[in-house]
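Engineer: Below: one structure in structure tokens.
The values are calculated or read from the model by the stated rules, or taken from the named source; none is laboratory data. Values in this document were obtained by computation on a predicted structure and should not be read as measured data. So basically every Cβ, Gly included, is an ideal-geometry build from the backbone, and we count neighbours across all protein chains shown. Side chains are part of the model used for accessible areas, which takes the heavy atoms of the whole protein and leaves out ligands, DNA and RNA. Shrake-Rupley method; radii C 1.70, N 1.55, O 1.52, S 1.80 Å.
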Amino acid sequence: MLRSKLRALLLGAGAAVLTTATALAPTATAAESAPTAGTGTTSASAGFWSCTVPPGYVFTSVRSTLGCSTSGISSQYYVQPPADGLWACRTAPGFTHTAVRSTLGCSRSGTAAQYQLRRPADGLWACRPAPKEGFTHTAVRRTLGCSTSGTAVQYKLATPKTGLWACTVPTGFTYTGTRSTLGCSTSGTSTQYRLRQY
């Protein structure tokens with residue numbers, strides 16, 4: 001009787017371990033299935049599940065898996081090329097972002113920020129300036145949309161050109177005049193510059 005109880009206990013424990021390992025290991029279907037697409041995402045066929053984030057890609061979701069490490073559970077990322085309007089777990093070169101939200105999909109341990117990617121354009125209100133992308137900004141404002149914890153600054157992007165009144169002087173430009181303005185700071189007056197290309 002003791003043997004039969006011990007055998008039943010061992011079989012039950014073995015089945016539980018097998019069930020847990022099967023649930024954590026990606027199957028052929030689960031490994032290729034894309035996260036549910038939300039508003040502003042690119043098509044699911046543009047991405048794939050990967051153990052790393054390749055150069056030139058962003059990830060839009062992360063999950064725990066046994067398939068990416070020989071020593072336990074690790075992260076697996078749903079990676080895609082960055083695209084205009086895509087909600088990504090990090091920003092990308094050549095892009096700015098226009099909104100931030102909290103999500104459970106970008107972290108294995110709680111909420112994390114997700115960014116709505118946008119290509120910089122004239123008149124776009126962005127959550128960060130875009131000097132590396134060749135833009136300056138002509139105004140700033142406070143918004144709730146650029147932070148997951150209160151207000152943050154948003155920047156009105158502009159392509160620099162001679163005669164433009166801008167809040168910064170970009171590379172390749174000097175300035176021929178200045179003026180005080182409330183539009184380039186969220187905390188009082190600041191300087192605006194009349195740009196001239198050289």
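Engineer: Within segment 155-169, can one find any residue that is closer than 28 Å to residue 60 by Cα and free of Cβ contacts under 8 Å to residues at least 40 places away in the same chain?
Structural biologist: Yes, segment 155-169 has at least one match.
Engineer: Could you give every pair whose Cβ atoms fall below 9 Å, whose first residue belongs to segment 172-198 and is basic (Lys, Arg), and whose second residue is at pLDDT 95 or above and assigned to a loop (DSSP other than H, G, I, E, B), counting only separations of at least 6 or pairs across chains?
Structural biologist: If the second residue must be at pLDDT 95 or above and assigned to a loop (DSSP other than H, G, I, E, B), the pairs left are 194/162; 194/163; 194/164; 196/162; 196/163.
Residue-wise test of (1) part of a helix (DSSP H, G or I); (2) at positive phi; (3) touching a Pro at 6+ places or on another chain (Cβ under 6 Å); (4) open to solvent by less than 30 Å² (accessible area, probe 1.4 Å).
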{"site": "53", "(1), (2), (3), (4)": "no, no, no, no"}
{"site": "67", "(1), (2), (3), (4)": "no, no, yes, no"}
{"site": "75", "(1), (2), (3), (4)": "no, no, no, yes"}
{"site": "85", "(1), (2), (3), (4)": "no, yes, no, yes"}
{"site": "90", "(1), (2), (3), (4)": "no, no, no, no"}
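Engineer: Does residue 58 satisfy the criteria of being open to solvent by 30 Å² or more (accessible area, probe 1.4 Å), hydrophobic (A, V, I, L, M, F, W, C) and under 15 Å from the mean Cα position of the chain (by Cα)?
Structural biologist: In short, no.
Engineer: In segment 125-146, what count of residues is obtained for those that are under 21 Å from the mean Cα position of the chain (by Cα) and over 19 Å from residue 194 (Cα atoms)?
Structural biologist: Here the count works out to 11.
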